Amino acid sequence: MPRPTRTPPMRFSTQTLLLQLGVVLLVVLLTSAVHAWLTYERVGREAEHQALTLARAVAADASVRADVLAISEREGTPPPAELRAGPLMAAAEATRLRTGALFVVITDETGLRLAHPDPERLGEKVSTDPSEALAGQEITTRNTGTLGPSAGAKVPVYAPGTDRVVGEVSVGYSMETVGQSLQRDIGPVALTAVGALLAGVLASFLLRRRLQRLTMGLEPEEISTLVHDQVAVLQGVDDGVVGVSADGRISVFNAAAQRLLDLPDLAGTPWADAPVPGRLRALTRADAVEADAIELVAGGRVLVASARKALHRREDLGWVVMLRDRTELQQLTRQLDAVGTMSTALRAQRHEFANQLHTIAGLMSIGQHQQARDYLAGLAATGPLKFPVDQAELLQDPYLQAFVGAKGVEADERGVTLRIGPETLVRGQVTEPQDVTTVLGNLIDNAVKAAVAGSATDRWVEVEILDEPHDDGGTLHIVVADSGDGLAPGTDAEAVFAEGFTTAAPPAPLDGAVPQGADPQGGGQGLGLALARQLARRRGGDIRVLETGTQGGPGAVFMASLPRTTAGIGPAPTDGTQTGAAGRINTAGREEDA
């Protein structure tokens, strides 16, 4: 059995067009009808007024009044032949022909016709009620008599020199004449109505086209579905989405973007004035390449941002900016590197233990028991695992020991000695390892790079750490110095904390092209110090340059303060004076207090 074909529903734009055309047509018809009725009433009133004026003139004529009085005083009514030849008939017909009236009728006090356009009607009773006019009232009328429909007036005729009514004068103009006048007046009205209808039709078509362009040809149900889908998708994803319309305003700013940028909802704000990083706005400039992706620091996070042009068919809808959080990935990568470094060190130590056991076995086999005991005592004193970090025992916190030890292994592989300054004093336990790792790791990594790139033959990095007790948690002060060449002459100390600032040259690929996914401005470098400073300032601390360094070494000195990152700090020793890094920390604190 064939399935019945279903007629597709009419498009919303077509429905809107037909509705608008119907409304325009209805308005034009109603307006034309009202205007025609008002014109008809106006012409009719003019005819009544003209009839009243003419009737008054006839009724006021002295000869007419005298002739009507004379007939009224006679016994009976004169025969029609006499009336036809009488002066009243002649005067009425002359007036009618001169003015173009339909009729001019004169009656006596009983309503009998004394003058009428149709001589056969003379001496007969008028077809309309003359009582009001015979009672002395002037009236205007619209009725249908023996001569057809008319608009007229009735005026009483008074006896000469008295106020006694001896008859009445009835004057009327044909309504067909009124209709002809209306036809002459209705022509412009009809043209105006047709012009208004055409203008309405044209406006409806233009409005339909604009509606289709604004809705991109979508039906209301489709638009509603798109809105629901947009809300579900944009608010459900973890990536930040910022939509910038073609006119330069933010149209979408989802919850993830607000969280990643630490900003309120900016929907409706001009993109050029939005409080977002300048590098993010640069992604949507006219000459931007869609494939470009950048790393930036915002809200204490490392974000990867990219922008794509939004197009619908050939229409430019603006830009879509995507934001992804790489902070946790970088932290995990840093921790994994530390674990890998410690694992490598443990594997190396396993080989060293094997050699040590062979040595002990050899001493025992040849009977050198005392030497074996001395050898074991030496191993017990140095411990089972030894990092290449000088004075690592000054760090009492096991987390700091392991982390700095792992960094020491990395530095040793690059030919740099990592040592702990003699004034280091850490009495508490680290309570915020992630923030401490981020700040301390970035400072050490930058110092190792500077030492490797420096011109000094003795390459070293010195770290001094001091914890200071507070009621709400201890503050960790960190000072990192290196043997590098320091900051370039003329470099602003604050410029090193800007996003993208780096002194390292990006690695050149074999074919000379920028590797896919790499940052063309430094291979993704230049974010460590910016991120570390934001983390420190978010905790109420800071990172700054204490010394810019000199060519040939020593290099730059950085100091960081991290409040509320330690706990369980014991009393500080009272003997001796603090020098070195600890002295620099106290000196810097006194300068800030001053």
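Rule-based calculations on the coordinates, nothing more; no lab input. Owing to the predicted nature of the structure, the values given are computational and were not obtained by experimental measurement. Ideal geometry is used to build each Cβ from the backbone, glycine not excepted, and the neighbour counts take in all protein chains shown.
Data table
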{"quantity": "Size of charge dipole - region 21-69 - debye, nearest 20, with Cβ of Lys, Arg +1 and Asp, Glu -1, no other charges", "calculated": "100 debye"}
{"quantity": "Nitroxide proxy distance, nm - points 7 Å out along Cα→Cβ at residue 120 and residue 46", "calculated": "3.5 nm"}
{"quantity": "Karplus (6.51, -1.76, 1.60) ³J(HN,Hα), θ = phi - 60°, over region 192-200, in Hz, Gly and Pro reported as x", "calculated": "4, 5, 4, x, 5, 5, 5, 4, x"}
{"quantity": "Difference of contour (0.36 nm per residue) and Cα-Cα distance, residue 393 to residue 93", "calculated": "93.9 nm"}
{"quantity": "Overall form of region 51-102 per C-alpha gyration tensor (a/c, 1.5; a/b vs b/c)", "calculated": "oblate"}
{"quantity": "Distant-in-sequence amide H partners of residue 164 (H built 1.01 Å from N, under 5 Å)", "calculated": "159"}
{"quantity": "Amide H within-cut-off set for residue 251, under 5 Å, with H built and near neighbours excluded", "calculated": "243, 244, 245, 268"}
{"quantity": "Computed Kirkwood radius, in angstrom, where 1/r is averaged over Cα pairs of region 75-213", "calculated": "18.0 Å"}
{"quantity": "Ranked packing of 140-150, 195-205, most packed first, by mean Cβ within 10 Å", "calculated": "140-150, 195-205"}
{"quantity": "³J(HN,Hα) computed for each position of region 422-432 - Karplus, 6.51 cos²θ - 1.76 cosθ + 1.60, integer Hz, glycine/proline x", "calculated": "x, 8, 5, 8, 10, 9, x, 10, 6, 9, 10"}
{"quantity": "Neighbour-count order for 269, 162, fewest beta carbons within 10 angstrom listed first", "calculated": "162, 269"}
{"quantity": "Cα-based shape type of region 45-152, given that a ≥ b ≥ c are square roots of the gyration tensor eigenvalues and the cut on a/c is 1.5", "calculated": "rounded"}
{"quantity": "Residue order, fewest to most beta carbons within 10 Å, for 208, 373", "calculated": "373, 208"}
{"quantity": "Ordering of 404-413, 121-130, 167-176 by packing [mean C-beta count within 10 Å, highest first]", "calculated": "167-176, 404-413, 121-130"}
{"quantity": "For region 132-139, Karplus couplings with θ = phi - 60° (6.51, -1.76, 1.60), whole Hz, Gly/Pro x", "calculated": "5, 5, 5, 8, x, 9, 9, 9"}
{"quantity": "Amide H contacts of residue 317 (H built 1.01 Å from N, under 5 Å, at least 5 apart or other chain)", "calculated": "310, 311, 312"}
{"quantity": "Stretchable slack from residue 164 to residue 369, in nm (0.36 nm times residue separation minus alpha-carbon distance)", "calculated": "56.8 nm"}
